[in-house]
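Data first, discussion second: the structure below is written as structure tokens.
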Amino acid sequence: MRLLKTAILLLGFWALPAHADDRVVPLEVVQQLYAEPEAGDDNAEIVDIPMPMSAELGDLLSDDQARGSINGTGIGHLDFDWMVNGQDAKITNLQIKRVAVTALSPDDPKREIIVAQFDNFDDPTRISYFWKYDADRGWLIEDVTGWSQDGLVWTLSLLLKYGQ
């Protein structure tokens, strides 16, 4: 269910008018995404917030949502919550850091990688968000990768295109 809500939020943000939003700071967006729920709320989930997506990634998410509608299951190629690398989440030992990306030339767009490392039900997990600055729309997520101790490694755009 959270996956569907997240997809709707992502698609909603992706569809906003094209103008640079300099208020979006990649590190802060990811920190908000994994913000701790209110103390004592045993049913709390990771916070659903609008996340700015590149046009390509937004199109892939939209296509996958449509694929789920067409097949009647509501599930497309993406059948897990990619923000936690699983169906459910119990996040502990959260660390979020920014990885500097050096431009090779002055014409290269600004880029950042934000890495969220945590244990999900005691399984070490790493989700990396790849951001690019667009002069018209501001900071956008270009892609996401995930890793877990069980050897599962994935790239969101490839899962959306080809399935698992």
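Kindly sort Glu56, Glu112, Glu142 by accessible area of their heavy atoms, largest first, with the probe set to 1.4 Å.
Glu56, Glu142, Glu112
Tell me, how many Å apart are the Cα centres for region 112-146 and for region 77-104?
Region 112-146 and region 77-104 have Cα centres spaced 6 Å from each other.
Assuming 0.692 mPa s and 37 °C, estimate D for region 46-145 with Stokes-Einstein, Rh taken as the Kirkwood radius over Cα pairs, in µm²/s.
213 µm²/s
Could you tally the net charge around Ala116, taking each other residue with its Cβ under 9 Å from the Cβ of Ala116, Lys/Arg +1 and Asp/Glu -1?
Neighbour charge sum, excluding Ala116 itself: +2.
Could you give the accessible area per residue of region 76-137, probe 1.4 Å, as a whole number in Å²?
58 Å²
So, R0 is 25 Å and r is the distance between the beta-carbons of Tyr133 and Gln87; what FRET efficiency does that work out to, to 0.05?
Rounded to the nearest 0.05, the efficiency is 0.15.
The values are calculated or read from the model by the stated rules, or taken from the named source; none is laboratory data. Model, not experiment: these values are computed from the prediction. Note that each Cβ is placed from the backbone with ideal geometry, even for glycine, and that neighbours are counted across all protein chains shown. We work out accessible area using only protein heavy atoms, side chains counted, and drop any ligands, DNA or RNA first. Shrake-Rupley method; radii C 1.70, N 1.55, O 1.52, S 1.80 Å.
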